[in-house]
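Mind having a look at this structure? Questions to follow.
Laboratory data are not the source of any read-out in this text; all were calculated from the coordinates shown. What you are looking at is a predicted structure, and each value in this text was computed from that prediction instead of being measured. Here the Cβ positions follow ideal geometry from the backbone for every residue, glycine too, while neighbour counts run over all protein chains shown.
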């Protein structure tokens, strides 16, 4: 590869699970423009897509991208996506387990 | 911003070291698009394309990767993300042929052509769509062939790859339309590239007789269609096929 450039660095370390869950709820509401939803009303254990918030599985594509852009965690495929989006709890656990190298404890 | 509304956009054109890919890169660069010139083999040809675009004031970078190699595609997209933050326009143009009558076609002739023409385009699109969703704007343009619609004797593998590329594109078009991303196909007919130039004169004449416009097309004429589909003017067009063949097929 001949293209030259500098590495972009915009990911930050997240340590606290509760703080992360609130951040994820805000990301959902702001990122997917759920104007009538209060982040605090989103349940930790409910599925994020299909039921609950009235989001469909194509909306999940944008959450995949937002999680990668803002938290530096890649959700690579459908199988991982199903597990990660099972609930806010599941997504927080997935992110904590897959933070970029150098992040976390 | 140019009339096409593309100034500042970032494009990856596969198979851009010559022919239609080269012309597409040149046309997009002329609209102010930064173009990544993907190629598999010839460093010299790719460097010539880059130099030519830069000489006209455009921004071009060579990115070497065989699209039959998914790992190489991954490395190419990682690189584009680090450098440009992603891409907005993907032109899936890279293609291979390995002709033979189906009864005589080997597994490897089938697999090799499908790996480049169809899986390569799929893997490129899978990467590209992530950055397009992030920007809520994108264009995927697949270069297909009349063979993919009406078939071609002696090239079932190539025809299958192009037919597959067409329907893959339509499926993706449905998935990503809400994110401001359009997915279309360009279907060139008989274009005056190296392949046509090497045909025997009687065969050339026979082909010409089938084209109502009575001449072969140029790579630049196909590139014009690609640049149109990439532009703001084509924002309401998705899942479509734009045929550029001088009236050869009228499909």
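Can you give the translational diffusion coefficient of region A:35-92 in µm²/s, computed by Stokes-Einstein from the Kirkwood radius over Cα pairs at 4 °C and 1.567 mPa s? Walk me through the intermediate numbers first.
Working: Rh = 11.8 Å.
Taking Rh from Cα pairs, D becomes 110 µm²/s.
While we're here: Could you identify which residue out of B:96, B:23, B:227 has the top mean-square fluctuation in a GNM of chain B using Cα springs shorter than 10 Å?
B:96
Please give the direction-averaged projected area of the C-alpha convex hull for region B:111-245, in square nanometres with one decimal. It would help to have the intermediate numbers written out before the result.
Details: hull surface 35.2 nm².
Computing the convex hull of the Cα atoms and averaging its projections yields 8.8 nm².
Can you put B:79, B:136 in order of Cβ neighbours within 10 angstrom, beginning with the fewest?
Working: B:79 19, B:136 12.
Least crowded to most crowded, the residues run B:136, B:79.
Along the Cα→Cβ direction, 7 angstrom out, place labels at residue B:233 and residue B:178. What is the inter-label distance in nm?
Simple spin-label model gives 3.1 nm for this pair.
Grab the beta carbon distance between residue A:19 and residue B:59, set R0 = 41 Å, and tell me the FRET efficiency rounded to 0.05. Mind showing how you got there, number by number?
Numbers: r = 41 Å, r/R0 = 1.00.
Efficiency for this residue pair is about 0.50.
How large is the Kirkwood hydrodynamic radius of the protein assembly as shown, counting all unique pairs of alpha carbons, in Å?
It works out to 21.9 Å.
For B:103, B:168, which order do you get if you count the other beta carbons within 10 Å of each Cβ and list the fewest first? Show your work: numbers first, answer last.
Details: B:103 6, B:168 20.
The most exposed by this proxy come first: B:103, B:168.
Hey, rough spin-label estimate for residue A:44 and residue B:104, points 7 angstrom out along Cα→Cβ, what's it come to in nanometres?
6.9 nm
Using the Cα gyration tensor of region B:1-113, with a ≥ b ≥ c the square roots of its eigenvalues, what is the shape: rounded (a/c below 1.5), prolate (a/b larger than b/c) or oblate (neither)? Could you put the intermediate results ahead of the total?
On the way: a/c = 2.25, a/b = 1.88, b/c = 1.20.
Here region B:1-113 falls in the prolate category.
Where q = 0.19, 0.24, 0.26 Å⁻¹, what log10 of I(q)/I(0) comes from the Debye formula for region B:117-183, counting one point per Cα?
-0.69, -0.94, -1.04
Tell me, what is the Rg over Rh of region B:167-251, with Rh the Kirkwood radius over Cα pairs? Before the final figure, lay out each step's value.
Numbers: Rg = 15.5 Å, Rh = 14.3 Å.
On the Cα set of region B:167-251, Rg over Rh gives 1.09.
How would A:21, A:33, B:170 line up from fewest to most surrounding beta-carbon atoms within 10 angstrom?
On the way: A:21 20, A:33 10, B:170 17.
With the sparsest Cβ surroundings first, the list reads A:33, B:170, A:21.
Using a simple spin-label model with points 7 Å from Cα along the Cα→Cβ vector, what separation in nm is obtained for residue B:136 and residue B:240?
So the two model labels end up 2.4 nm from each other.
Given all pairs of different Cα atoms, what value in angstroms does the Kirkwood hydrodynamic radius of region B:146-210 take?
Working: mean 1/r = 0.0714 Å⁻¹.
In region B:146-210 this quantity evaluates to 14.0 Å.
Tell me the mean residue ellipticity at 222 nm calculated for chain B from its helices only (DSSP H runs of n ≥ 4, each -39500 (n - 2.57), averaged over every residue, nearest 500). Write out the running numbers ahead of the final one.
Numbers: 10 runs with 113 residues, N = 251.
For chain B, the value works out to -13500 deg cm²/dmol.
At a temperature of 37 °C and a viscosity of 0.692 mPa s, determine how fast region B:3-62 diffuses translationally according to Stokes-Einstein, using the Kirkwood radius over alpha-carbon pairs as Rh; express D in µm²/s, rounded to the nearest whole number.
Details: Rh = 10.9 Å.
Rounded, D is 301 µm²/s.
So how compact is chain B: Cα radius of gyration and Dmax in angstrom?
When restricted to the Cα atoms of chain B, Rg and Dmax are 17.3, 53 Å.
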